[in-house]
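S.K.: Just passing along the structure, written as structure tokens.
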Amino acid sequence: MQQVIYAWNYLQWGGAQTYFLSLIRTVRREFEVVIVLPEGSSEQLVRFIENEGVRCEFFSPSYDAQANSGLVARLRARIGKIQSEAALLRKLREFDLSRSIVHVELAPWYSLFALVWLCLRTRVFITMHNALDTRNPLRRLLWRVKLRTISHFRNFHVFASNKHSRDYFKGLYSDELFENIAVTYTNVDASEIESVEEAPPDRDAICGKYGLPADRFLIFCVGQFIDRKGRWVFLEAAKRVSERTEDVTFVWIANSSPSEADLERARSYGLGDKFIFLTSGEVGEDHIDLMRLLSIADAFALASFVEGLPISLLEAMALRVPSISTNVYAIPEAVIHRETGLLIEPGDAEALAESMTELRNDPGLRAGLGTRGREYVMERFTDRKAGRLALERYLKAMPQ
């Protein structure tokens, strides 16, 4: 049987891995599926993969994808990245690549040689999730040279997880390759959403389980607790809202615990028990545990500076949770201001605080945004739709 191999070389996980899992639910109807990932990967992620009935294969060493500061740290990170890519390629050589598709989480502007190596041996797919920071004209020129180079390989195929990302690459890839980029949207698991809706969780019970105050207005954020997710803007807005009302609690859910330095800075906002941090491991072993918890939120807020189309935002909207996010990158493809959600400008803590307060004070607005947001996401951004398109492209790429 022909196979699709999904692969990446870093330990941190999030939207890209969830996106892969969403495609697999459809793709495995026609292909054997294997996931290749580094040793030491999150036990929770491995459980998610196994729950989908997919085999894992591991390699070492991994790559630390977190941002590094300082010349020495960046140099070490670069060397570590090269070593981990070489280890990943050695692992992939163990498979029969002649009958495979490799959908790999590598970017051609950083990993051109690894992608060329793969293209010479098999059919390669990547997914573009974000536009690039191209304020440096020399860097943009170098990236264009690399993308034009990889465009010459007929075995190289590109998906985009949102329209903004696809449109950005016009003029960077060759015209022929660009025209063939399919948008396989970041998406929600439709069956999970429907399951939660069919059997709504008991708010008091859920709040009791996770130590949340059921009698307060709960504003959630789900995502890595990092700067590009707007964590300090979120907390500054939370502080301002708390100065205006006593009945709001803020909940942040992330894949991993923050550092002690980050916790200390978070405490400096003076929110006390009004700010609750949970890890996904504390939430539960299955992704649907997160969906049940998220469904009791009164509002959702994501203050990102850099973002593709975040799955957590789509999930909140699909669960009828009125949502606030920033007017950046692909987010406006899902959040239409005052129709499917509320949009603010990135970095504007006061606008975020005002939007949070407005949602707290206006039940009618919450209900309208929740209903329209759910309809919009379920019509456009489901795993069923993205998976079908991905499967079509995989089948087309295989030799007849």
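The values are calculated or read from the model by the stated rules, or taken from the named source; none is laboratory data. Model, not experiment: these values are computed from the prediction. FYI the Cβ positions are ideal-geometry reconstructions off the backbone, even for glycines, and counts take in every protein chain you see.
S.K.: Can you pull out every residue in the stretch 334-345 that is over 16 Å from Ala303 (Cα atoms) and either of a type in the set (Val, Ile, Thr) or part of a helix (DSSP H, G or I) (or both)?
M.R.: Thr340
S.K.: Filter the stretch 28-47 down to the residues that are in contact with a helix residue (DSSP H, G or I) (Cβ under 7 Å, 6 or more places away or on another chain) and among the charged types (D, E, K, R) and list them by number.
M.R.: Glu30
S.K.: Additional query: If I ask for residues that are assigned to a helix (DSSP H, G or I) and either of a type in the set (S, T, N, Q) or touching a Lys or Arg at 6+ places or on another chain (Cβ under 6 Å) (or both), which ones from the stretch 372-385 would you list?
M.R.: Once the filter is applied, which keeps residues that are assigned to a helix (DSSP H, G or I) and either of a type in the set (S, T, N, Q) or touching a Lys or Arg at 6+ places or on another chain (Cβ under 6 Å) (or both), the stretch 372-385 yields Arg374, Asp383.
S.K.: Can you name every residue in the stretch 153-170 that is of a type in the set (S, T, N, Q) and more than 20 Å from Val306 (Cβ to Cβ)?
M.R.: Scanning the stretch 153-170 gives a single hit, Asn155.
S.K.: When only residues in the stretch 1-18 that are among the aromatic types (Phe, Trp, Tyr) and either at pLDDT 95 or above or over 16 Å from the mean Cα position of the chain (by Cα) (or both) count, which is nearest to Ala107 (Cα to Cα)?
M.R.: In this case the residue turns out to be Trp8.
S.K.: From (1) loosely packed, with under 14 Cβ neighbours inside 10 Å; (2) modelled with pLDDT of 95 or more, pick out the condition that doesn't hold for Leu395.
M.R.: Condition (1) is where Leu395 drops out.
S.K.: Also: (1) within 20 Å of His157 (Cβ to Cβ); (2) of a type in the set (Asp, Glu); (3) touching a Pro at 6+ places or on another chain (Cβ under 9 Å): which one isn't true of Glu39, the others all being true?
M.R.: In the conditions (1) within 20 Å of His157 (Cβ to Cβ); (2) of a type in the set (Asp, Glu); (3) touching a Pro at 6+ places or on another chain (Cβ under 9 Å), Glu39 misses (1) alone.
S.K.: Here is a follow-up. Assuming Ile324 fulfils every condition listed in (1) part of a helix (DSSP H, G or I); (2) of a type in the set (A, V, I, L, M, F, W, C); (3) over 24 Å from Val158 (Cβ atoms) apart from one, which condition is it?
M.R.: (1)
S.K.: Check the stretch 234-257 and report whether any residue there is farther than 20 Å from Ala351 by Cα, out of contact with any Leu (no Cβ under 6 Å at 6 or more places or on another chain) and surrounded by 17 or more Cβ atoms within 10 Å (Cβ to Cβ).
M.R.: yes
S.K.: Confirm whether Leu369 is assigned by TED's automatic domain parsing to the domain that holds Val251 and either in a loop (DSSP other than H, G, I, E, B) or farther than 25 Å from Leu23 by Cβ (or both).
M.R.: Here the answer is yes, as Leu369 does meet what is asked.
S.K.: Here's another thing I want to ask about it. Among the residues of the stretch 346-366, what is the count of those that are more than 19 Å from Arg216 (Cβ to Cβ) and not in a helix (DSSP H, G or I)?
M.R.: The number of residues fulfilling the criteria is 3.
S.K.: How about the stretch 150-219: which helices (runs of 4 or more DSSP H) wholly inside it have at least 1 residues that are surrounded by fewer than 21 Cβ atoms within 10 Å (Cβ to Cβ) and basic (Lys, Arg)?
M.R.: The helices (runs of 4 or more DSSP H) meeting that bar are 163-168, 203-210.
S.K.: Test Arg121 against the criterion of being out of contact with any Cys (no Cβ under 8 Å at 6 or more places or on another chain), part of a helix (DSSP H, G or I) and surrounded by 14 or more Cβ atoms within 10 Å (Cβ to Cβ), and give yes or no.
M.R.: Criteria not met by Arg121.
S.K.: Quick one: Tyr110 ticks every box in (1) in a loop (DSSP other than H, G, I, E, B); (2) at pLDDT 95 or above; (3) hydroxyl-bearing (Ser, Thr, Tyr) bar one, so which box is it?
M.R.: Among (1) in a loop (DSSP other than H, G, I, E, B); (2) at pLDDT 95 or above; (3) hydroxyl-bearing (Ser, Thr, Tyr), the lone unmet condition for Tyr110 is (2).
S.K.: Within the group Ile35, Ile5, Ile24, which residue is surrounded by 18 or more Cβ atoms within 10 Å (Cβ to Cβ), in a helix (DSSP H, G or I) and in contact with a strand residue (DSSP E or B) (Cβ under 8 Å, 6 or more places away or on another chain)?
M.R.: Criteria check complete, one pass: Ile24.
S.K.: Separate question: I need the full set of residues from the stretch 342-384 which are of a type in the set (Phe, Trp, Tyr) and within 23 Å of Arg244 (Cα to Cα), in order please.
M.R.: Scanning the stretch 342-384 gives no hits.
S.K.: Confirm whether Ser323 is surrounded by 19 or more Cβ atoms within 10 Å (Cβ to Cβ), within 19 Å of Gln17 (Cβ to Cβ), modelled with pLDDT of 95 or more and not hydrophobic (A, V, I, L, M, F, W, C).
M.R.: Spelling it out, it is not the case that Ser323 is surrounded by 19 or more Cβ atoms within 10 Å (Cβ to Cβ), within 19 Å of Gln17 (Cβ to Cβ), modelled with pLDDT of 95 or more and not hydrophobic (A, V, I, L, M, F, W, C).
S.K.: Name every residue in the stretch 349-383 that is surrounded by 18 or more Cβ atoms within 10 Å (Cβ to Cβ) and hydroxyl-bearing (Ser, Thr, Tyr), in order of residue number.
M.R.: Within the stretch 349-383, Ser355, Tyr376, Thr382 meet the criteria.
S.K.: Any residue that is among the polar types (S, T, N, Q) and touching a residue at least 40 places away in the same chain (Cβ under 8 Å) - is there at least one of those in the stretch 156-163?
M.R.: Among the residues of the stretch 156-163, at least one is among the polar types (S, T, N, Q) and touching a residue at least 40 places away in the same chain (Cβ under 8 Å), which makes the answer yes.
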